[in-house]
Amino acid sequence: MTVSHLQFADDTLLMGTKSWANVRALRAVLVLFESMSGLRVNFHKSMLVGVNIPDSWLGEAASALCCKVGKIPFLYLGLPIGGDSRRLGFWEPVLARLKNRLSGWRSRFLSFGGRLVLLKSVLISLPVYALSFFKAPSGTISSIESILINFFWGGSEDFRKISWINWKSICLRKEYGGLGVRQLREFNLALLGKWCWRMLVDREGLWFRVLAGRYGVERGRLCEGGARGSTWWRELARIRGGGGEVGGGWFREHVSRKVGDGSDTFFWTDPWVDGTSLRERFGRLFDLAENKSASVAEMFMQGWEAGGGGVGVAASVVGLGGGDVGWQWQSDLDDVYTVRGAYQFLTSQDAVTLDTASGLIWHRQVPLKVSICAWRLLRDRLPTKANLVIRGILSAEDHQCVSGCGEVESAQHLFLSCSTFGALWSLVSSWIGSSLVTAHTPSDHFAQFTDSAGGSRARRSFMQLIWLAVVWVVWTERNHILFRE
């Protein structure tokens, strides 16, 4: 298959073999285009790129075309063309874009809620375009995550702050006890899985026909191409075949073939029975088969249908001979692959038992910064003096509570038992008319306080809001006293 040009909006990519005839023809085509359309081609922004062509020839050809000489990799539609995505240097523009965006922000002037919103809505989105096409190496994922971690905890490019909670916990979904930040490695796989899905359902697209012409098709499946395949294609083939880093054969195990009349479904190699291919289930029979590329319809005509003379594997297929032929994604209710659904599957975990308090942190009427403060408190990851002593930030002699009570300033003491701050709970309980809670840990105190004024949903929500507000007041007042000193 021959592709001479690609065009999107005002970006045009023209391809051809090395010859002066092609250079003259190209110049003539562009000049004629200007004359007929009234538009102008910006030759100063155009460039001539060669593959295995001497620089001297490229220089002369570029002069004839009045354009610059470009080098591989070059950008087309925002993506580098011709580079090796396995090298860290390939991803430097993505890292530079993240750093440039952060240079205009002052994270230390933002609350944790503001940083989380910016991180999830802006920073995580910046590398998505590149991640949707290329498999990022582990070093690049680590570099991006390092930038995000530093921003979330209020650091800068020249100054790092303590990461009180590991990034893996922050990236957990909220139902698993995290903050719901995207896990880039899994999200990268989910984005690339979309290309594997399109290989099955978009066989008329130009991109598929180019791949078919380059690598060939065998039994309805694009060939892997071996060592001669591009880096991009080899990574996709690994995901399609089950060689990805996360979850092994996650894509292959969740794709099945929906059979109609059976004429377009390969009997041995397509996963049309219970989501697996008969080649995998009956390897010995496949080795003995004379026609390994036979369709389901052809095999049924030979007596392999249910009740026929074959092994009866088709008995589990419902509605054979009717309905549309197509592919199904088993992890989605609509049977269609979506990046969101694949990401949910890749980041799913076994049932996680969270304490009652963990489900009470998020309240729609409470600012995000307050909920994050409570989230850190329940994990004992606030910078109390006891925690700062453990991390070597303060000396052991500087662990007294800021209230002057003389006790060690731990989270349990500061929020529950301190004679100054802890006394706030009795005042609040008398004000709202609830019983005083005497739990010894913040987690138990939160759960008991929420249940202390009755069982109605509205009342519980009110008590939940009050507890979060008191915690925020105690923490901010503690900081005011500490930093005023």
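What are the residue pairs meeting all of these: first residue in region 35-49, first residue among the hydroxyl-bearing types (Ser, Thr, Tyr), second residue part of a helix (DSSP H, G or I) and surrounded by 15 or more Cβ atoms within 10 Å (Cβ to Cβ), Cβ atoms under 9 Å, and 6 or more apart or on different chains?
Filtered contacts from region 35-49: Ser46/Leu30; Ser46/Leu65.
How do the helices (runs of 4 or more DSSP H) wholly within region 1-111 filter down when requiring 2 or more residues that are of a type outside the set (S, T, N, Q), assigned by TED's automatic domain parsing to the domain that holds Thr140 and surrounded by 11 or more Cβ atoms within 10 Å (Cβ to Cβ): which remain?
Ranges flagged: 92-103.
For region 112-140, name all the residues that are of a type in the set (D, E, K, R) and part of a loop (DSSP other than H, G, I, E, B).
Passing the criteria: only Lys135.
Restrict the check to region 52-66 and report whether at least one residue is without any contact (Cβ under 8 Å) to a residue 12 or more places away in the chain and under 30 Å from Pro127 (Cα atoms).
Checked region 52-66: no residue is without any contact (Cβ under 8 Å) to a residue 12 or more places away in the chain and under 30 Å from Pro127 (Cα atoms).
All but one of (1) surrounded by 12 or more Cβ atoms within 10 Å (Cβ to Cβ); (2) over 41 Å from the mean Cα position of the chain (by Cα) hold for Val474; state the number of the condition that does not hold.
(2)
Can you tell me which residue within region 272-295, out of those that are among the aromatic types (Phe, Trp, Tyr) and in a loop (DSSP other than H, G, I, E, B), is modelled with the lowest pLDDT? Working first, answer last.
Here is the first cut: in region 272-295, the ones among the aromatic types (Phe, Trp, Tyr) are 272, 282, 286.
Restricting the remaining residues to those that are in a loop (DSSP other than H, G, I, E, B) gives 272, 282.
Values: Trp272: 69, Phe282: 78.
The extreme case among them is Trp272.
Between a first residue in region 206-234 that is at positive phi and a second residue that is part of a helix (DSSP H, G or I) and surrounded by 15 or more Cβ atoms within 10 Å (Cβ to Cβ), which pairs have beta carbons less than 6 Å apart while being 6 or more apart in sequence or on different chains?
Listed by first residue and then by second, the contacts come to Gly225/Tyr215.
Enumerate the helices (runs of 4 or more DSSP H) found wholly within region 152-271, keeping only those where 3 or more residues are exposed (fewer than 14 other Cβ atoms within 10 Å of the Cβ).
206-215
Return a yes/no flag: does region 73-87 have any residue that is under 30 Å from Glu204 (Cα atoms) and among the basic types (Lys, Arg).
yes
Given the options Gly154, Gly139, name the one that is on the phi > 0 side of the Ramachandran plot and of a type outside the set (Phe, Trp, Tyr).
On inspection, the qualifying residue turns out to be Gly154.
Can you find, within region 38-57, the residue that is modelled with the lowest pLDDT among those that are over 13 Å from Asn22 (Cβ atoms) and in contact with a strand residue (DSSP E or B) (Cβ under 8 Å, 6 or more places away or on another chain)?
For region 38-57, the residue satisfying everything is His44.
Looking at Ser143, Ser138, Ser132, Ser121 in this structure, which one is over 19 Å from Leu79 (Cα atoms), surrounded by 15 or more Cβ atoms within 10 Å (Cβ to Cβ) and small (Gly, Ala, Ser)?
Of the residues listed, the single one that is over 19 Å from Leu79 (Cα atoms), surrounded by 15 or more Cβ atoms within 10 Å (Cβ to Cβ) and small (Gly, Ala, Ser) is Ser143.
Kindly establish whether Tyr343 is in a helix (DSSP H, G or I), at pLDDT 70 or above and among the aromatic types (Phe, Trp, Tyr).
yes
The values are calculated or read from the model by the stated rules, or taken from the named source; none is laboratory data. Here the structure is a predicted model, which means the values were calculated and not measured. Neighbour counts are summed over all protein chains in view; Cβ atoms, including those assigned to glycine, are modelled from backbone coordinates with ideal geometry.
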